[in-house]
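> So that we are looking at the same thing, I have put the structure below in structure tokens.
The values are calculated or read from the model by the stated rules, or taken from the named source; none is laboratory data. Note that the structure is predicted; figures quoted are calculated from it, not measured. Note that we place each Cβ from the backbone using ideal geometry, even for glycine, and neighbour counts take in every protein chain shown. Note: areas computed on protein heavy atoms with side chains; ligands, DNA, RNA excluded. Shrake-Rupley method; radii C 1.70, N 1.55, O 1.52, S 1.80 Å.
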Amino acid sequence: MSANTANAPASLPSREPGALAILAGVVRRDLLLAMRRKSEVLTSLFFFVIVVSLFPLGIGPELGLLRVIAPGVLWVAALLAAMLSLARMFAPDHADGTLEQMLLSPAPLGVLVAGKIFAHWLVSGLPLVLIAPLLGVQYDLSAEALLILMLSLLIGTPLLSLIGAIGAALTLGVRGGGVLLSLLTLPLYIPALIFGAGAVEAEMSGLGAHGHLSLLVALLVLCGFFAPWVTTAALRIALE
Amino acid sequence: MSANTANAPASLPSREPGALAILAGVVRRDLLLAMRRKSEVLTSLFFFVIVVSLFPLGIGPELGLLRVIAPGVLWVAALLAAMLSLARMFAPDHADGTLEQMLLSPAPLGVLVAGKIFAHWLVSGLPLVLIAPLLGVQYDLSAEALLILMLSLLIGTPLLSLIGAIGAALTLGVRGGGVLLSLLTLPLYIPALIFGAGAVEAEMSGLGAHGHLSLLVALLVLCGFFAPWVTTAALRIALE
Amino acid sequence: MQWNSLAEFFSMGGYAFYVWGSFGVTALALLVEPLLVKQRQSQAVRAIRREKAASRHAP
Amino acid sequence: MNDRLIHWFKYASPQSFYPLAGRMIPWFAALAVIFGIAGLWVGFFVAPTDATQSEAYRIIFIHVPTSWLSMFIYLIMAAWAGLGLALNTRLSSMMASALAPTGALMAFLSLWTGALWGKPMWGAWWVWDARLTSELILLFLYLGFIALQAAIDDPRRADRAGAVLALVGVVNVPIIYFSVTWWNTLHQGASVSLTKAPSMAQTMLNGMLLMSIACWMYVIAVVLLRLRAIILERERHTEWVKHAVE
Amino acid sequence: MLTVARLACVRGDRRLFSGLEFSLEAGGCLHVAGENGAGKTSLLRTLCGLSPAEEGEIRWQGRPIGELGDEYRQAVLYFGHHNALKEELTPLENLRIAATLGGLTLDEETAFGLLQRAGLRGREDLPVRVLSQGQKRRAALARLLCSRAPLWILDEPFVALDVAAVSWLAGIIGAHLAGGGCAVLTSHQEVAIPGSTVQTLRLS
Amino acid sequence: MLTVARLACVRGDRRLFSGLEFSLEAGGCLHVAGENGAGKTSLLRTLCGLSPAEEGEIRWQGRPIGELGDEYRQAVLYFGHHNALKEELTPLENLRIAATLGGLTLDEETAFGLLQRAGLRGREDLPVRVLSQGQKRRAALARLLCSRAPLWILDEPFVALDVAAVSWLAGIIGAHLAGGGCAVLTSHQEVAIPGSTVQTLRLS
Ligand code: HEM
Ligand SMILES: Nc1ncnc2c1ncn2[C@@H]1O[C@H](COP(=O)(O)OP(=O)(O)OP(=O)(O)O)[C@@H](O)[C@H]1O
Ligand SMILES: Nc1ncnc2c1ncn2[C@@H]1O[C@H](COP(=O)(O)OP(=O)(O)OP(=O)(O)O)[C@@H](O)[C@H]1O
Ligand SMILES: [Mg+2]
Ligand SMILES: [Mg+2]
């Protein structure tokens, strides 16, 4: 098209990036933003730590009791932390007009969305996985249980980001987005919670965590395929 | 001042409201906003319900175990719900310029702040008190324990709003406000948590909740005097 | 028929609260729901009538 | 396009369905009343007292139909919503919106009657049993759908967003059900479990069937009624609505 | 009424202006001009008392504004880049709330009339969220109509307004000045206020 | 290049316009005028394909935009009321990110140069948050300088800019038109683009 030359003078060194470069660009951008805001990373991490540490204060210090409830408490805390960070997945981009630009971008929206989901996991899921053993120790979990806990979170947190993205996209720009988001994502999160906490409990009771973990992986594969696609559709609906 | 007449023509039926009228006005305004957004009320309520209902899914269905952890779970959930709604106490007014207008308002800022705190409690504290028994039933609590639970929340939630207001004002417009807010308020919330959950536990173990409850009331009175005043100072600093 | 008296029927073998609580609330809900829907319908009709009247008066 | 398809599309337009629905409602309402009376008669006066549960078991006549319906309605709702999303037919999306509140009500009634049954039978209003838990989550799914649609001003956008949610939910329902079953059966520490009468007396079964049919008829009637209201609300600027409302 | 002496403003490591002097009498209007980033908004916020002055002094009726406190706040109306509207509420609700904050109770009838004067007839009951950019601005400006503050400080009030609204607003400001008030405003366009001469202060 | 036929737009229960027709050739510029709330922003969003058209058709190079999909998106640049800037990032980072989204990799040197042309010399490394209103706008407009889209859709691009920036922007648009591009823009002021005649479409 002849118009092109007018606005991209020959001196402008630029090239069209491929889908992978765009994905990397989106991830890099979101990470940069997270670093700049700091709180992004810290909010969900800190929330996770708070919730887990508050329980012994509310329930009492008996280690026997704490050990029994540990997998549940840790997983519920991870789930809540993931849920809270969801609101920030698309909403800021929506508010300042970046999301419109993404929709109008020639890059495939699916790729952009996948990038954003991945960045969300890096920022708000991965830190939880890394800190979990430290918190598990507070609840007197054994080394094997800690390992399974980390493993279940490593499989489970991306799942939470993937499922949550759908809810975040659906509630974009909607009145009362906050509650709605929890109302929508919560029921969808429950299987992850049950298998995740179940894996650790099974390990602790000597039943072996294998079954639970493979179910989690199956869920992850399923969502990995469909969630970005559904999210894209939801985003288009939200911005129409 | 002669200028007055120019802009308030004689036909404009208006009068200067007193401090109480302004207080009522602020409360009414915040309630109206809450009704319009719906979510305001529902967010913390629904969050409370979610957190409480997630635990059995993570921990397992044994009623005996659930009954033991019930006071802790319910109080931690109430505390988290209160903490999350704090960010919305001043931040939206800050973002859209209303807070500037409040600071420039001839009405005493202390009154405006007291009104906002009260409205915050009505919207995000009171609903928790009312729904708590229903959730307590799911944890198989006895009628007496439920009563004490409600009572402790009735005294405790205004306390949470009062303390939280200080944190919310201090972190206004600060980068990473979210984490900071939890970092600041959480330690201040812990006494409320301990006495609140303690009251229910004491009742369940037959020790009587009286002592815990009177300590909660003492805390409430103390904060009722000082918190609005400190919050006002913090707001002035935040907007300078 | 297994009921010897009306009182026995109403006491439901001592489970009156539970049985009548279930049936009562269900009956109430099933009665109230259509009423609410009817109200919604008539509200819509009224809004349309009002609009029609307004457009008739307007030039 | 053949003739029958055109015919079908004719009734798929809100304009022609509106009067049709109006004519159908009284019939279904009447059937609901007839079957309801018959079912209550069988339930209270024909069915014998249960050996283990005494009279409390009569809750079954209301509990089971509402439980079944709450699940069925969700499936039907998701199907209509998906159809609306795929074919962009207005009526099917409206049908989905009309079904949701009744489905939520059925889920609530299932929970309510179940809780009232649980207290005398198990000694607790609520236990974290697989069935109970998944019914609770089903209620959340309904509420999510309703809340999402209510929160979006533009009806067309609300329809599509709701459809996406309903479809995601319908995939999730079986996953939830099986995960919860498995979760629950793996650690069966609970002191209570669902005790079913070994073989239900034929009369009980009859009563349950009659009540179920009555509930179905009720649901159809009330959903059509709500559908008419929704059609009026959404199409209020069209000429035919202005004409229809005289 | 308003006297400014030796005012300076620093943002980050940049000195935006210093040694600024002007005074404004009843009926006077000051147009602060200057290119983007010259410090107009910063100056206006300092005049309101929202930001502290780096150096220099601002006096109202001869007394420093720091001393006056509430009394000064009662005398000032600030209208900034932000609309101070709640997007969920209707213009009507927003206006009544703004009036309460300004220390005035406004009944529905009156508020209705003011919004009509602001050109929002038929939009009083829509949430602000769905209004057009200019309509939002008008809804925010309706606040001027019920203000009794003698000093108006307006930051780019004409932005996003169509031609009719611009002249309506100029008329409002003119009436305010004619009634003995005074105003400080910024704009990148020429400002013509009917019945009043506008001083211009150019920041560079 | 762009042809619009019988376009109508409905918001809520209000029909903003209907039966709208225009066409735009390479080098053409359309100024959409109209009072506040006339539907200018709504029209522009429809032209981009962000909102679906209630009735009527929009064609690009003779084909309906719905069919074109990605191809059309590649051809359009939309600049709206929102700046699409992240307040925490610097103009430099914002520009490079925007370029990536637009399907272009921009190295730091180039981006630096573009920002200087936008008049942000010395502000490239401040977070956007502290910039003045007009500087934010300039940072957002720098995006135009590296766009290769032939169709520019600009919603009130001149708002908040000072006089120098307005004529700079008009020059940019003029160069774009001279290179065979076309543009649709809204403004409440007169629009003069050097070296090109502007059609005006008035919504009422
Ligand atoms: C809040 C508590 C309860 C809930 C949410 C609930 C939920 C349900 C659901 C969803 C079904 C249909 C499931 C299916 O057919 O597979 C059902 C059926 C049934 N429920 Fe409940 N239930 C509750 C309490 C009870 C109690 C306390 C009893 C008896 C002690 C009971 C007895 C039955 C029976 C007999 C059926 C019919 C089963 C069949 O025909 O397959 N339920 N319930
Ligand atoms: N932390 C900082 N470091 C350096 N410069 C800063 C900092 N914070 C603000 N500034 C500069 O201070 C100025 C603030 O300008 P202000 O908002 O008052 O401008 P303005 O005259 O209102 O401009 P506009 O016409 O664009 O609204 C800007 O030039 C901005 O770049
Ligand atoms: N839900 C609704 N119900 C009624 N009217 C609505 C609704 N949503 C939007 N509108 C109206 O649609 C119009 C949208 O206008 P738009 O934003 O396109 O105006 P504009 O020409 O860009 O105006 P401006 O010059 O102020 O930016 C406004 O008049 C607004 O009041
Ligand atoms: Mg400025
Ligand atoms: Mg506009």
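> Look through the stretch D:204-223, keep the residues that are closer than 23 Å to D:Y57 by Cα and aliphatic (A, V, I, L, M), and return whichever of them is farthest from the chain's Cα centre (by Cα).
D:M204
> Next question. Which helices (runs of 4 or more DSSP H) does the stretch B:1-67 wholly contain that include 3 or more residues that are surrounded by 22 or more Cβ atoms within 10 Å (Cβ to Cβ), in contact with a Leu (Cβ under 9 Å, 6 or more places away or on another chain) and at pLDDT 80 or above?
Where helices (runs of 4 or more DSSP H) fall fully within the stretch B:1-67 and carry at least 3 residues being surrounded by 22 or more Cβ atoms within 10 Å (Cβ to Cβ), in contact with a Leu (Cβ under 9 Å, 6 or more places away or on another chain) and at pLDDT 80 or above, they are B:19-37, B:39-59.
> Within 30 Å of D:T52 (Cβ to Cβ) and acidic (D, E) - does that describe any residue in the stretch C:4-16?
yes
> Which condition number in (1) surrounded by fewer than 21 Cβ atoms within 10 Å (Cβ to Cβ); (2) not in a loop (DSSP other than H, G, I, E, B) is the one that B:P106 fails?
Exception for B:P106: condition (2).
> For the stretch E:68-90, which residues satisfy the criterion of being farther than 22 Å from E:Q133 by Cβ and at the interface with another protein chain (Cβ under 7 Å from one of its Cβ atoms)?
Listed by number, the residues that qualify are E:D70, E:R73, E:Q74, E:V76.
> Mind counting the residues in the stretch B:147-172 that are aliphatic (A, V, I, L, M) and more than 14 Å from B:F195 (Cα to Cα)?
The total comes to 9.
> Please enumerate the residues belonging to the stretch A:183-200 that are more than 7 Å from every other protein chain (Cβ to nearest Cβ) and over 16 Å from A:L162 (Cα atoms).
A:A199, A:V200
> Show the residue pairs that are 6+ apart or on different chains and have beta-carbon atoms under 8 Å apart, the first residue being within the stretch D:54-73 and on the phi > 0 side of the Ramachandran plot, the second being more than 8 Å from ligand 1 (Cβ to nearest atom) and not basic (K, R).
Note: pairs meeting the criteria are D:S54/C:G13; D:S54/C:G14; D:S54/C:Y15.
> Of E:Q189, E:Q135, which residue is away from ligand 1 (no atom under 16 Å from the Cβ), over 20 Å from E:N94 (Cα atoms) and not charged (D, E, K, R)?
E:Q189
> Hey, among E:D125, E:D107, E:D162, which residue is acidic (D, E) and within 12 Å of chain B (Cβ to nearest Cβ)?
Unique residue meeting the criteria: E:D107.
> Moving on. Which residues, counting only those in the stretch D:150-170, are aliphatic (A, V, I, L, M) and either part of a helix (DSSP H, G or I) or at positive phi (or both)?
Correct list: D:A150, D:A151, D:A158, D:A161, D:A163, D:V164, D:L165, D:A166, D:L167, D:V168, D:V170.
> Run A:G173 past the list (1) open to solvent by 30 Å² or more (accessible area, probe 1.4 Å); (2) over 21 Å from A:V113 (Cβ atoms) and report the number of the one that doesn't hold.
Status for A:G173: all satisfied but (2).
> What about A:L146, is it assigned to a helix (DSSP H, G or I), at pLDDT below 95 and more than 20 Å from the chain's Cα centre (by Cα)?
Spelling it out, A:L146 is indeed assigned to a helix (DSSP H, G or I), at pLDDT below 95 and more than 20 Å from the chain's Cα centre (by Cα).
> Which of (1) more than 15 Å from the chain's Cα centre (by Cα); (2) open to solvent by less than 20 Å² (accessible area, probe 1.4 Å) does E:V163 not meet, given it meets every other one?
Only one criterion is unmet by E:V163, namely (2).
> Determine whether E:G69 is under 30 Å from E:R123 (Cβ atoms) and at pLDDT below 90.
no
> Here's another thing I want to ask about it. Residue check: is D:R236 at pLDDT 75 or above and assigned to a loop (DSSP other than H, G, I, E, B)?
Judged against the criteria, D:R236 is a match.
> Taking E:S18, is it more than 16 Å from ligand 3 (Cβ to nearest atom) and out of contact with any Ser or Thr (no Cβ under 8 Å at 6 or more places or on another chain)?
The answer is yes for E:S18.
> Quick check on the stretch D:102-127: of everything there that is open to solvent by 40 Å² or more (accessible area, probe 1.4 Å) and under 19 Å from the mean Cα position of the chain (by Cα), which residue is farthest from D:L225 (Cα to Cα)?
Among those that are open to solvent by 40 Å² or more (accessible area, probe 1.4 Å) and under 19 Å from the mean Cα position of the chain (by Cα), it is D:W112.
> I would also like to ask the following. Pick from the stretch B:35-77 the residues that are more than 10 Å from chain A (Cβ to nearest Cβ) and under 17 Å from the mean Cα position of the chain (by Cα): which of them is farthest from A:A202 (Cα to Cα)?
B:M35
> OK, next. Select from the stretch D:197-216 the residues that are surrounded by fewer than 20 Cβ atoms within 10 Å (Cβ to Cβ) and within 13 Å of another protein chain (Cβ to nearest Cβ) and write down the one among them that is farthest from D:P101 (Cα to Cα).
D:A201
> Looking at the stretch E:9-26, can you tell me whether even one residue there is surrounded by 21 or more Cβ atoms within 10 Å (Cβ to Cβ), within 18 Å of the chain's Cα centre (by Cα) and modelled with pLDDT of 90 or more?
No - not one qualifying residue is present in the stretch E:9-26.
> What helices (runs of 4 or more DSSP H) lie completely within the stretch F:45-146 and have 2 or more residues being open to solvent by less than 10 Å² (accessible area, probe 1.4 Å) and within 16 Å of ligand 4 (Cβ to nearest atom)?
Once the helices (runs of 4 or more DSSP H) in the stretch F:45-146 are filtered for at least 2 residues that are open to solvent by less than 10 Å² (accessible area, probe 1.4 Å) and within 16 Å of ligand 4 (Cβ to nearest atom), what remains is F:133-141.
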